[in-house]
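Q: Below is one structure. I have some questions about it.
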Amino acid sequence: MEENNENNVNNEQNEKKENKKKIPLRGIALIIIAAAVVIFLGGRIYHGFFSATGGSIIGEAINTISYEQGDKADFCAVDGGIYFVTKDGVMFLNNKGTSAKWQDTYTMMNPVISNDGDIIGVSEKGGSQLCVYSTAGSLYKIASDSSIISFAVNKKGGSALISETDTEYTITAYTESGFTSFMAKSPIEEGLAIGCDLSDDGTYLAVSYVYTGYTELESRIVIYNLKQAADTDASLDEEKEMVASFIRSGEILGIVSFMDNDTLAALSSSELVCINLYTEGSNVKYSEKWSLTFKNTVKAMAFMGKKYIALAYGEKNLNSSEAEENNTLAVYNLNGKELFKTVLDKDIEGLYSNKNTVIAKMGRSFRAFNSRGGRVLSYTVAQDVNKLLLYDNNSKAIIAASKEAYIMNVKSKGIGTVISKLKTSEDDDSSNGT
């Protein structure tokens, strides 16, 4: 791919490129593959896993929905209801989980949810299907000719995916009706495509590439103008529709996400960077809005809707001064301002979020905070729990263990009445809580 960047970013690197010696692609293949797996599993899963202050779960289940053991059940709560996803299909429940509004079927071994607003996409790494849904039902289904490695949806129902064969990657974008709006192909020997996202209005597609043919890794976030492709009937020409190519050397900018105010956030293991898109006349350009170089390892990250970014820091990097303490949780806005920072007393295993709340998972303990650092909820369970999802203005919770899930009211002093209980057919019927 040729670079078409009018912002003169890293020009010196481009001029020196011809002087660099090439290295084998296989030398770092495992590193890139591992990064791609992380991106696929966590890239744009915006629904949160939450908890509440207080004691045990109380009350009786109003309704029970059974599903088979090993069904890979997952949940995503949105305005108006709950997506209940398994390897065999999707069921959309009312917000109490007591009745199904609709359901749809597919076959996947390990389904993964990506959501934006009320829209979800369901696919799996190495699979060939992408199914996109709104709260009204199925929008469309895509059958890929090659293996899917990453995908994303936007709040209007558009989608993008990266698929691969043994020799090349294919990057494809779809409208909210499921029609192809863009397609580009890239030989694997030239570099690896590992992450993608689509802007809310469907105008821009961002794709993260890693180029491995030189002595130093080079990441590029390539931004395509899909509206320009439609307006000019450019036959999905990759080079004509390239807006910009943002470059970083020595790191893998694997996670990309469009945020509010025409901001694109990108994350590597060593840096968080926000890129601002803007228009000059008929030309779309970009500038680096701000960046944060990590002085610690990053254990986890989460996008809090499209306004905030949460990071969980681990051990400090070698030779780093003024590093954060281990298990520090910090939240930033899109201008780079640190909104709050706190050190937790247990090892952070993961971060999850909704629009205004972030949760740190620490074994069986969960701590939730708002964007300003106010303690929202705190809870420690008596058994292993896969996730705790807070929704409906934090008034309801889904608590999912390995064999059963409860949908519950959340009161000011704790989790209250069980509204609905979702469980496997092999569960013990006498079990009432966690």
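Q: If you go through region 147-171, how many residues are open to solvent by less than 10 Å² (accessible area, probe 1.4 Å), in contact with a Leu (Cβ under 6 Å, 6 or more places away or on another chain) and assigned to a strand (DSSP E or B)?
A: Qualifying residue count for the region: 4.
Q: Conditions first: (1) β-branched (V, I, T); (2) in contact with a Lys or Arg (Cβ under 9 Å, 6 or more places away or on another chain); (3) open to solvent by 20 Å² or more (accessible area, probe 1.4 Å). I119 passes all but one, so which condition is the exception?
A: Every condition holds for I119 apart from (3).
Q: Of all residues in region 277-295, how many are within 25 Å of N354 (Cβ to Cβ), open to solvent by less than 40 Å² (accessible area, probe 1.4 Å) and touching a Ser or Thr at 6+ places or on another chain (Cβ under 9 Å)?
A: Qualifying residue count for the region: 1.
Q: Let me ask something else about it. What do you reckon, is G89 open to solvent by 30 Å² or more (accessible area, probe 1.4 Å), within 21 Å of the chain's Cα centre (by Cα) and free of Cβ contacts under 8 Å to residues at least 24 places away in the same chain?
A: Answer is no for this residue.
Q: In region 252-276, which residues are open to solvent by 20 Å² or more (accessible area, probe 1.4 Å) and under 20 Å from K156 (Cβ atoms)?
A: D260, N261, D262
Q: Restricting to region 396-434, what's the tally of residues that are open to solvent by less than 40 Å² (accessible area, probe 1.4 Å) and either over 24 Å from T357 (Cα atoms) or modelled with pLDDT of 70 or more (or both)?
A: 21
Q: Still on this structure, please answer the following. For region 375-383, indicate whether the set of residues that are closer than 23 Å to L292 by Cα and of a type outside the set (G, A, S) is non-empty.
A: Checking region 375-383: not a single residue is closer than 23 Å to L292 by Cα and of a type outside the set (G, A, S).
Q: While we're looking at this one, here's another question. Take Y133 and tell me if it is free of Cβ contacts under 8 Å to residues at least 40 places away in the same chain and among the aromatic types (F, W, Y).
A: So Y133 fails the test.
Q: Same structure, new question: Would you check if T172 is β-branched (V, I, T) and either under 24 Å from A77 (Cα atoms) or over 19 Å from the mean Cα position of the chain (by Cα) (or both)?
A: no
Conditions tested, residue by residue: (1) open to solvent by less than 20 Å² (accessible area, probe 1.4 Å); (2) assigned to a strand (DSSP E or B); (3) of a type outside the set (D, E, K, R); (4) more than 28 Å from A73 (Cα to Cα).
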site	(1), (2), (3), (4)
M301	no, yes, yes, no
L311	yes, yes, yes, no
S321	no, no, yes, yes
E324	no, no, no, yes
A330	yes, yes, yes, yes
G336	no, no, yes, yes
D345	no, no, no, yes
L388	yes, yes, yes, no
N394	no, no, yes, no
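Q: Can you tell me which residue in region 179-202 is modelled with the lowest pLDDT, limited to those that are open to solvent by less than 20 Å² (accessible area, probe 1.4 Å) and not aliphatic (A, V, I, L, M)?
A: Top of the filtered list is G191.
Q: To continue, here is another question. Looking at Y332 and the list (1) at pLDDT 90 or above; (2) on the phi > 0 side of the Ramachandran plot; (3) touching an Asp or Glu at 6+ places or on another chain (Cβ under 9 Å), which single condition is not satisfied?
A: Going through (1) at pLDDT 90 or above; (2) on the phi > 0 side of the Ramachandran plot; (3) touching an Asp or Glu at 6+ places or on another chain (Cβ under 9 Å) one by one, Y332 breaks only (2).
The values are calculated or read from the model by the stated rules, or taken from the named source; none is laboratory data. Predicted, not measured: the structure shown is a model, and the values here were computed from it. Quick reminder, even Gly has a Cβ in these numbers, built from the backbone with ideal geometry, and neighbours come from all protein chains shown. For the accessible areas, the whole protein counts, side chains as well, though only heavy atoms, and no ligand, DNA or RNA atoms are used. Shrake-Rupley method; radii C 1.70, N 1.55, O 1.52, S 1.80 Å.
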